[in-house]
Structure formats: structure tokens, C-alpha cells
Amino acid sequence: MDYQSILNIIQREFQPEPNLGKVAAYIPELSKVDPMKFGMYLYCHDDSAFEFGDSQEKFSIQSISKVFTLTIAKEVMGDELWKRVDVEPSGTPFNSLTELEREHGIPRNPFINAGSIVIADSLLSVLEDPKNDLLKFVRKLCDDDNINYDESVARSERKHGYRNKALVNYMKALGNIKNDTEDILDFYFHQCSIAMTCGQLARAFMLFANEGKHFRTGEIVIAPQSVKRINSIMQTCGFYDEAGEFSYRVGLPGKSGVGGGIVAVHPKRYSVAVWSPMLNPKGNSALGMKALEELTTLTGLSIF
Ligand code: GLU
């Protein structure tokens, strides 16, 4: 498969234009990003890599971090975890409060904010040094120590994250939060602030395209069972209330973030990350969705 030619076609066909969408502004620090950025990086099972554009520039991974925290929580807590968070698609926006009351404080899935806040709470209970442990895990996955929290993004979200504050407090009132709410939010805002490039993300997500093995060393980091489960949740819940649309158009498990990044995996073949900060009304990268749809169309490869 000539992936580089396919990526070149995508780069030529899809140019960033100001009317494609809007950069996330509810976290003021995120609104400073150049909306015209566009990069893509595809890492293959055989160690080859293909890229274009701003694929080596760091951006805020935001909700993509929820896959990393879920992976650690699943490893440490196993199925205990599912007592506090479900695995059903939500069909509501990522920061919605509406279902929580009806569903007694049990979030629909680990990729909406409420679910990831519960995961953050459970990690606070079991990890010695959660912020450090998370960074170490992500650095190890992509074999790259040059990955850090962006303190200005974390601070900006801490200052303006009213809905997340509401979510954690509401779940605390309903008994599904154990730790101090400020500590949980501090961890959650930091996990979302991690800055990574498309190249780093694609390498980290090889875990989910490579049966749980580290892309470089072959070490088994998580069991293939866990990969099956996490990929399934990405497939059904990775794109908020647009998960069905992404699944229909792209046909791969993936996860997006409001920083404009999307990562998707084709198990046993490749992992791919794309970044374009202009978001569609559902909060997913408008150009990123188009680029990935074109990738799976032009390769003609499908998991189905
Ligand atoms: N930090 C963001 C929030 O909680 C993450 C949202 C996202 O990327 O979907 O609002």
C-alpha cells in the first residue's frame, strides 16, 4: 500500500479554510492556536511511517487523554471499574449533565467528561503520584520523554471549567466520587492539557493496533482482551454525539479532542493521527474527519 501517495492526495484535496469550523474557545488558552494548522501521521505495523504538514507540531490532546487514563484504570482495577461508569454511547454532548440525574450519577461511558472524571477519581485512589505516573505511561507508550503538561492550558481550563466543576460536584452528591473534588479536577485538567504531536500520538496508539504490544520493544503492555474492549468503546463512544457518524464515514475505532486532534487505529495495520483545530458543531475536527474518511476510502481497507 502506497500510504505516502494517499496522504499526499489528502493534503492536496483538503485545505484548511476559515469557514470549515471554529477553534474551541470555551477554554480561552485553546483559542490562541492557528486555525490553519493541518497535519497527519500514519504509523504502520512494519515500522514505516508517513506524514504531511504540521505532523510534528505539538497541540493540546484534550479528550484523547481519556483513552490513556482509561487504559491505566482498566489495568489497575479490572472490571471493578464498570461499577462506576458504563459503556453505552451517550448521544449527548461531551460535557452534558442531563443524563446523570436519570442514571443516578453513573456516567454513560469513560469518554464523556463525567466518565473520565470518574476515571480520574479512581486513579487518584490507586496511583501513588497520578500526574507523574500518567506522564510516565504516555512517554513510555511512544518511547519519547519529550511529552509534558501544558500548564497554561490546565490553568485556563481550571479558571473556566464550570461545567466540569458542576459534573464532579453533582456526582459527589450522588455518591460516585470518592476524592476531594479540587484534586480530581486538577488531575483531569492536567490530563487534558498534555501536548503531543501527531507523530507521538500515532506511535502511542500503536498499542491498540498491535494487540497491546509496545510498537518498538514488543513488550506486552496490556492484554489483547483489554485492547478489544477499549477499541470497542472508541468505536461506539469516541466522538461524543457524532460517534455513529464517524463510525459510518471512517469505519475505524478512534478518539477526538477539542484541541482538533483525532487518532484512529486499524488493528494489525496502522495507527493514524490527524490535527486541524477547526471544530464542527459537535466538537470534532472538521478537516480531521474528512481526512480520515478519505484515508479509509482510498486505501479500500476496512475492519468490517
Ligand atoms: N478538557 C476538555 C473539557 O473537559 C476536554 C473536552 C474534549 O476534548 O472533548 O471540556
Among Val67, Val76, the single one that is more than 16 Å from the ligand (Cβ to nearest atom), touching a residue at least 40 places away in the same chain (Cβ under 8 Å) and not aromatic (Phe, Trp, Tyr) is Val76
Considering only the range 84-100, state which residues are without any contact (Cβ under 8 Å) to a residue 40 or more places away in the chain and more than 16 Å from Ile233 (Cβ to Cβ). Ser96, Thr98, Glu99
Does Val126 satisfy the condition of being surrounded by 18 or more Cβ atoms within 10 Å (Cβ to Cβ), modelled with pLDDT of 95 or more and not basic (Lys, Arg)? no
Among (1) farther than 21 Å from Ala223 by Cα; (2) within 15 Å of the ligand (Cβ to nearest atom); (3) not acidic (Asp, Glu), there is one condition Asn146 misses while meeting the rest; what is its number? (2)
The range 10-42, residues that are part of a helix (DSSP H, G or I) and more than 19 Å from Gly199 (Cα to Cα): Arg12, Glu13, Pro18, Asn19, Leu20, Pro28, Glu29, Leu30, Ser31, Lys32
Can you name the condition, by its number, that Pro110 falls short on among (1) touching a Leu at 6+ places or on another chain (Cβ under 6 Å); (2) buried (at least 17 other Cβ atoms within 10 Å of the Cβ); (3) over 28 Å from Asp241 (Cβ atoms)? (3)
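Here's the yes/no breakdown for (1) among the β-branched types (Val, Ile, Thr); (2) within 16 Å of the ligand (Cβ to nearest atom); (3) within 27 Å of Thr92 (Cα to Cα):
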{"site": "Ile117", "(1), (2), (3)": "yes, yes, yes"}
{"site": "Ser122", "(1), (2), (3)": "no, no, yes"}
{"site": "Pro130", "(1), (2), (3)": "no, no, no"}
{"site": "Gly161", "(1), (2), (3)": "no, yes, yes"}
{"site": "Asn176", "(1), (2), (3)": "no, no, yes"}
{"site": "His190", "(1), (2), (3)": "no, yes, yes"}
Out of (1) more than 16 Å from the ligand (Cβ to nearest atom); (2) in a loop (DSSP other than H, G, I, E, B); (3) in contact with a strand residue (DSSP E or B) (Cβ under 9 Å, 6 or more places away or on another chain), what's the single condition that is false for Asp47? (3)
Could you list, in sequence order, all residues of the range 163-185 that are touching a residue at least 40 places away in the same chain (Cβ under 8 Å) and acidic (Asp, Glu)? Asp183
Can you say whether Gly261 is surrounded by fewer than 20 Cβ atoms within 10 Å (Cβ to Cβ) and either at positive phi or touching a strand residue (DSSP E or B) at 6+ places or on another chain (Cβ under 8 Å) (or both), as far as the supplied structure shows? no
Which number in (1) more than 16 Å from the ligand (Cβ to nearest atom); (2) modelled with pLDDT under 95 marks the one condition that Asn231 misses? (2)
Scanning the range 234-273 residue by residue, those of a type in the set (Gly, Ala, Ser) and away from the ligand (no atom under 16 Å from the Cβ) turn out to be Gly244, Ser247, Gly251, Ser271
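The values are calculated or read from the model by the stated rules, or taken from the named source; none is laboratory data. Predicted, not measured: the structure shown is a model, and the values here were computed from it. Because the Cβ atoms are built from the backbone with ideal geometry, glycine has one as well, and the counts that use them run over all protein chains shown.
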